[in-house]
Structure formats: structure tokens, C-alpha cells
Amino acid sequence: MSEQESVKERMRRGDMTVSNREVLEAYAIDPQYDPYSIPLEQVDPAHPALFEHDTLWPHFERLRKEDPVHYTEDSMFGPYWSVTRYKDIMYVDTHHKIFSSQERLGGIALGGPPPEETDEQYRLPMFIQEDPPKHDEQRKVVAPMFTPRNLAELEPLIRERAGHILDNLPRNEEFNWVRAVSVELTGQMLATLFDVPQEDRMKLIHWSDTVSNIGNPDYFETPEQGFMELFQCLAYFQEYYEARKKEEPEFNLISMLAHDPHTNNMTPQELLGNVLLLIVGGNDTTRNSISAGVLALNNNPDQYQKLMQNPGLIPKMVPEIVRWQSPVAHMARTALEDTEIGGKKIKKGDRVAMWYISGNRDETQIENPNQFIIDRPNPRQHVSFGFGVHRCVGNRLAEMQLNVIWQEIMKRFPKVEVVGDPVYLQSSFIHGIRELPVIIRD
Ligand code: HEM
């Protein structure tokens, strides 16, 4: 067996001590390659390098046109189907009896070893990786946090914090918008939802970043090292979980989990899984939408101009930003039976990725999908929040945070000017921006 195969083999076996760098080397590609230059069957849109270098777009364009339900046999994530058109994505997402989210079958993200081969301590059951009825029972426990009524109560606090963050930004000097604004606002929000001290928000952000970067050699030599950080997250929340059980129920996520019969007896792995779901769900996605808005407006000066002339467009612009960025690039499922999508035969057990990032650029469904237009007639027509039983439970909170931050930005600054290239996340799951250098001039 060659050196490369052995790294691949170890990865497939779920060996958490395999080197992240060696895995990337074993599957190295030139991220700039033209997808039209290779045989169709070799197109592998899940390769993280395409996302890190922002060269993913023509890969999906080709698939939507030539092979909208596409099979990739050999990839870093094993064999998988790509569903790239809006309507097919909606079909898969709304048929959970055929396409399962179950963690033990492979869960909701491409990658990771088969769960049966994974050491118990590295498995993360969570309600997004369950099917009904367990999924529905656990989702109901936290859903009250995200009702319009509760969000209306939270809004003044978010507005005050947004104002405070923006008022303290440097003027006439370059800084990283992602850290200074996007991460700060969403980190403070998370600490509020969990009711943990605001000083601890950097820990939450660190654990969220750990999940997004667990396979990235710039962060961790091996996935095992990333898990060591996540076990600290477990220790932190286990203390809160046990303490909240002994107190009267309160309106925060940990207390809700601690008191409901469907979630008050979770294993450590399940507690960690559900906490990470809420951390990553509430943090990375909204954070990346906040950063993406600044970038999209800078790349489309006519739209920035339109916004300056009419800040009343913000409620229409917010869903357009969420479509444009598609902060969750894909969600995966496992076929529970032999079935068909768009005429292609999918076998029981096959892994299927719904590429929201591609559905949002589907030219047969969305007019001028490759243009960022802040006053689209129908801006909510996008797949970024998914559909069906797993549709994002925090979508209204995300939109509210985005509305508030943009209203407060427009009250204060004539322009947030991007002055360098963005640095993208090396991930084909979370479509994210790590760094965005900007200047705000007086
Ligand atoms: C722009 C921001 C956001 C985007 C794009 C986004 C996207 C998504 C997507 C695509 C799903 C899966 C949908 C499916 O499988 O059909 C999801 C589920 C979820 N999201 Fe969000 N999300 C965002 C913000 C939030 C926020 C602020 C929270 C709050 C904590 C949150 C919590 C969750 C949870 C808990 C689930 C699992 C729902 C379930 O399985 O029933 N998300 N989100």
C-alpha cells in the first residue's frame, strides 16, 4: 500500500490521529483548475480548496447545466452525490423518510468516518442529526427561544450592543471586520442565549471555530487535537447543565435542555453535540452573513449607492445577503432506500449532498442569480435556511441581527471600505470569511 493510500485509509477508518496536512496532501488539487477541462465524472465540488480560494462557482455551474444530480466516486469524503438544482434540493430536504439525517448513518455533513468505526468519544449525536420523532421532540425544547415574541424582546439589547461595537471601531486605520464586528456581535448574542457570563463569549467563539477548522492544519495537527478543545467545551457546559437541573426553569437554552424530559438525561456526547449545534448554528452562519454583506456591497458599488440613498431597503437586502453568501454550503443525507432524484438511481446507503450554495445560483429558478441586487422583488426565494423538518430554527434571529447591524451601520458610517482580499474558510460545509480588511474614514 502506498504512503498516500495509507493516509486515506486511516482517515476512512476514523483514525483521529491522522495528520490534517497529510490528508490534504493526499487529496491535493490545484484550486484554480478549470472544471470544464476534466471529464465530468471527476468533478468533485466538495473539495475544501475550492472554497478556500473562492473558485467553487464554475464547478457548480457546470454541474447544474450538465449533470445536476452528480456522482463523485473518489473524494476526500468518500463517494457522494451532489444535488445542485433548487427544486431537487427542495425535494430531498422535504423527504426525510427517504433521506435520513441520522448521525449513525453518516449525519448532515460530508466527511468524517463511518460512525460505526468511530470511537464513541468522537461521536456527536445532536437533534439536527436525528430523524423524527426524536428530532421533533428535541427541537421543540429550544424552539421557544426563537419565537417572534421573544425576538422582539431581545431586539433592544442587540441594538444597544451593535451600537456599542460600532462606536468603538477604529477610524482611518485598517482592521479586520470579521473579528471586530461579526464575531463580537454574534458572540455576545450566544452568551445571552446560553445565559453564561459575557466574558466567556470568546470561549464559545473558540469552540465554534474549532468545529469549523478541525481538519485544517493551520489550526490543528490532527482532528484529535481539535477534539481535546471540544472536550473542554463539554466540561464547561456539563457544569451548567447539572447546576441548571437543580434550579427553577429559566428562559435560556441550557435551562431549557436541563428541564425538558426529552433532553434532561443526555449522555455527555449528546450534550456536547447539541451545545455545538446551537453554538455553530448561532455563530458562524450569522457571522459570515454580516461579513458577506460588507464584501458584496463593496464589490457592487451601484448597490451600495442604492442603499445609501435608501436605507429603508435593509429588510429586503438582508435575505439577499443570506442568499448571496449561502453560509451553509451544503447539508448531507443518507438514502434509506433505493430511490431516484432527477432520473438518477440512488442506492440505499448512498450519501447525498444538497448544495444550497448552488441552488441559490440556479438560473432556472432565480432571475439573474449571479447578481447581488438589494431590492429584488422576491428576496426570500432562496434555499439558505433549508426546508422541511430541519428548516433553520434560528432564521428569524439571524435576520433580526442582520437588520439591526445594518440599520446601525447606516446611521453611523458613510462607508465601510474593503481594502484587501478576504480570507475564506477552508471548508465546503460552512461557507465563511475569516478575515476582511476594512477602513472606515471620517
Ligand atoms: C444566516 C444565518 C443562518 C443560516 C444560513 C442557517 C442555516 C441553517 C440550515 C441550512 C439548517 C439546516 C436546514 C435543513 O437541513 O433543511 C439550519 C438548521 C439549524 N439552525 Fe440555522 N442558520 C442560520 C442561523 C442560525 C441561528 C442564529 C441559530 C440559533 C442558534 C441557528 C440554529 C439552527 C439549528 C438549531 C438548526 C437545526 C434545526 C433542526 O434540525 O431542526 N441557525 N440552519
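The values are calculated or read from the model by the stated rules, or taken from the named source; none is laboratory data. Every value quoted in this text rests on a predicted model; they were computed, and no experiment measured them. Quick reminder, even Gly has a Cβ in these numbers, built from the backbone with ideal geometry, and neighbours come from all protein chains shown. Ligands, DNA and RNA are excluded from the accessible area calculation, which covers all protein heavy atoms including side chains. Shrake-Rupley method; radii C 1.70, N 1.55, O 1.52, S 1.80 Å.
Residues are listed down the side, and each one gets a yes or a no for (1) within 16 Å of the ligand (Cβ to nearest atom); (2) open to solvent by 40 Å² or more (accessible area, probe 1.4 Å):
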{"site": "Asp136", "(1), (2)": "yes, yes"}
{"site": "Pro144", "(1), (2)": "yes, yes"}
{"site": "Leu169", "(1), (2)": "no, no"}
{"site": "Thr186", "(1), (2)": "yes, no"}
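Exactly one condition in (1) under 22 Å from the mean Cα position of the chain (by Cα); (2) modelled with pLDDT of 95 or more is not met by Val211; state its number.
With (1) under 22 Å from the mean Cα position of the chain (by Cα); (2) modelled with pLDDT of 95 or more applied to Val211, the lone miss is (2).
Filter the stretch 320-344 for residues that are assigned to a loop (DSSP other than H, G, I, E, B) and touching a residue at least 60 places away in the same chain (Cβ under 8 Å); which is surrounded by the most Cβ atoms within 10 Å (Cβ to Cβ)? Working first, answer last.
Of all residues in the stretch 320-344, those assigned to a loop (DSSP other than H, G, I, E, B) come to 326-327, 329, 336-338, 342-343.
Then keep just the ones that are touching a residue at least 60 places away in the same chain (Cβ under 8 Å); that gives 326-327, 329, 336-337, 342-343.
Numbers: Ser326: 23, Pro327: 25, Ala329: 28, Leu336: 17, Glu337: 12, Gly342: 15, Gly343: 7.
Step by step, filter the stretch 320-344, then rank; the result is Ala329.
Looking at the structure I just gave you, is Asp284 acidic (Asp, Glu) and either in contact with a Ser or Thr (Cβ under 6 Å, 6 or more places away or on another chain) or buried (at least 24 other Cβ atoms within 10 Å of the Cβ) (or both)?
On the way: acidic (Asp, Glu): yes; either in contact with a Ser or Thr (Cβ under 6 Å, 6 or more places away or on another chain) or buried (at least 24 other Cβ atoms within 10 Å of the Cβ) (or both): yes.
Considered against the rule, which asks whether it is acidic (Asp, Glu) and either in contact with a Ser or Thr (Cβ under 6 Å, 6 or more places away or on another chain) or buried (at least 24 other Cβ atoms within 10 Å of the Cβ) (or both), Asp284 comes out as yes.
Quick check: is even one residue across the stretch 158-168 among the polar types (S, T, N, Q) and part of a helix (DSSP H, G or I)?
First, pick out the residues of the stretch 158-168 that are among the polar types (S, T, N, Q): 168.
Subset that is part of a helix (DSSP H, G or I): none.
Looking through the stretch 158-168, none of the residues is among the polar types (S, T, N, Q) and part of a helix (DSSP H, G or I).
In the stretch 376-407, which residue that is hydrophobic (A, V, I, L, M, F, W, C) and open to solvent by 40 Å² or more (accessible area, probe 1.4 Å) is nearest to the ligand (Cβ to nearest atom)?
Kept after step one, since they are hydrophobic (A, V, I, L, M, F, W, C), are these residues of the stretch 376-407: 383, 385, 387, 389, 392-393, 397-398, 400, 402, 404-406.
From what's left, open to solvent by 40 Å² or more (accessible area, probe 1.4 Å): 389, 392.
Working: Val389: 6, Cys392: 3 Å.
Looking at the filtered set, the residue picked out is Cys392.
Out of (1) open to solvent by 40 Å² or more (accessible area, probe 1.4 Å); (2) assigned to a loop (DSSP other than H, G, I, E, B); (3) away from the ligand (no atom under 16 Å from the Cβ), what's the single condition that is false for His206?
In the conditions (1) open to solvent by 40 Å² or more (accessible area, probe 1.4 Å); (2) assigned to a loop (DSSP other than H, G, I, E, B); (3) away from the ligand (no atom under 16 Å from the Cβ), His206 misses (2) alone.
Can you tell me which residue among Arg333, Arg323 is under 18 Å from Gly388 (Cβ atoms), at pLDDT 95 or above and within 13 Å of the ligand (Cβ to nearest atom)? If you could, list the steps in order and put the result at the bottom.
On the way: Arg323 fails: under 18 Å from Gly388 (Cβ atoms).
Exactly one residue qualifies, and that residue is Arg333.
Anything in the stretch 350-369 that is open to solvent by 40 Å² or more (accessible area, probe 1.4 Å) and free of Cβ contacts under 8 Å to residues at least 24 places away in the same chain? List them, or say none.
Those that are open to solvent by 40 Å² or more (accessible area, probe 1.4 Å) and free of Cβ contacts under 8 Å to residues at least 24 places away in the same chain: Glu367, Asn368.
For residues in the stretch 12-26 being assigned to a helix (DSSP H, G or I) and open to solvent by 40 Å² or more (accessible area, probe 1.4 Å), which is nearest to Gly111 (Cα to Cα)?
First, the residues of the stretch 12-26 that are assigned to a helix (DSSP H, G or I): 12, 20-26.
Add one more test, that the residue is open to solvent by 40 Å² or more (accessible area, probe 1.4 Å), and what stays is 12, 21-22, 25.
Numbers: Arg12: 9, Arg21: 16, Glu22: 16, Glu25: 16 Å.
That would be Arg12.
Please enumerate the residues belonging to the stretch 78-99 that are surrounded by fewer than 22 Cβ atoms within 10 Å (Cβ to Cβ) and either of a type in the set (Ser, Thr, Tyr) or without any contact (Cβ under 8 Å) to a residue 60 or more places away in the chain (or both).
Correct list: Tyr91, Thr94.
Of the conditions (1) open to solvent by less than 20 Å² (accessible area, probe 1.4 Å); (2) assigned to a helix (DSSP H, G or I); (3) among the polar types (S, T, N, Q), Asn216 satisfies every one except a single condition; which number is it?
So the condition that Asn216 fails would be (2).
Does the stretch 113-120 contain any residue that is surrounded by fewer than 15 Cβ atoms within 10 Å (Cβ to Cβ), part of a loop (DSSP other than H, G, I, E, B) and within 16 Å of the ligand (Cβ to nearest atom)? Steps first, answer last, please.
Filtering the stretch 113-120 for residues surrounded by fewer than 15 Cβ atoms within 10 Å (Cβ to Cβ) gives 114, 116-117, 119-120.
Filter once more, keeping what is part of a loop (DSSP other than H, G, I, E, B): 114, 119.
From what's left, within 16 Å of the ligand (Cβ to nearest atom): none.
Scanning the stretch 113-120, I find no residue that is surrounded by fewer than 15 Cβ atoms within 10 Å (Cβ to Cβ), part of a loop (DSSP other than H, G, I, E, B) and within 16 Å of the ligand (Cβ to nearest atom), so the answer is no.
Tell me, please, whether a residue that is within 25 Å of Pro115 (Cβ to Cβ) and in contact with a Gly (Cβ under 9 Å, 6 or more places away or on another chain) can be found in the stretch 305-328. Before the answer, list the steps.
Filtering the stretch 305-328 for residues within 25 Å of Pro115 (Cβ to Cβ) gives 328.
Now drop any that are not in contact with a Gly (Cβ under 9 Å, 6 or more places away or on another chain), which leaves 328.
Yes, some residue in the stretch 305-328 is within 25 Å of Pro115 (Cβ to Cβ) and in contact with a Gly (Cβ under 9 Å, 6 or more places away or on another chain).
List every residue pair whose Cβ atoms sit under 7 Å apart, with the two residues 6 or more apart in sequence or on different chains, where the first one lies in the stretch 160-188 and is under 20 Å from Leu278 (Cα atoms) and the second, anywhere, is open to solvent by 100 Å² or more (accessible area, probe 1.4 Å).
Filtered contacts from the stretch 160-188: no entries.
How many residues, within the stretch 345-368, are within 16 Å of Met90 (Cα to Cα) and either assigned to a loop (DSSP other than H, G, I, E, B) or not hydroxyl-bearing (Ser, Thr, Tyr) (or both)?
As a first pass, look at the stretch 345-368 and keep what is within 16 Å of Met90 (Cα to Cα): 352-366.
Restricting the remaining residues to those that are either assigned to a loop (DSSP other than H, G, I, E, B) or not hydroxyl-bearing (Ser, Thr, Tyr) (or both) gives 352-355, 357, 359-366.
Number of matching residues: 13.
Taking the condition open to solvent by 10 Å² or more (accessible area, probe 1.4 Å), hydrophobic (A, V, I, L, M, F, W, C), modelled with pLDDT of 95 or more and within 21 Å of the chain's Cα centre (by Cα), does Val419 pass?
Judged against the criteria, Val419 is not a match.
Filter the stretch 423-440 down to the residues that are open to solvent by less than 30 Å² (accessible area, probe 1.4 Å) and in contact with a Leu (Cβ under 8 Å, 6 or more places away or on another chain), then identify the one that is farthest from Leu276 (Cα to Cα).
Per the criteria, the residue is Ile440.
Where the second residue is charged (D, E, K, R) and open to solvent by 80 Å² or more (accessible area, probe 1.4 Å) and the first is touching a residue at least 60 places away in the same chain (Cβ under 8 Å) and lies in the stretch 19-36, which pairs have Cβ atoms under 6 Å and are six or more apart or on separate chains?
Listed by first residue and then by second, the contacts come to nothing, as the list is empty.
What about Thr186, is it closer than 20 Å to Phe51 by Cα and either assigned to a helix (DSSP H, G or I) or among the small types (Gly, Ala, Ser) (or both)? Lay out the reasoning, then the answer.
Numbers: closer than 20 Å to Phe51 by Cα: no; either assigned to a helix (DSSP H, G or I) or among the small types (Gly, Ala, Ser) (or both): yes.
No.
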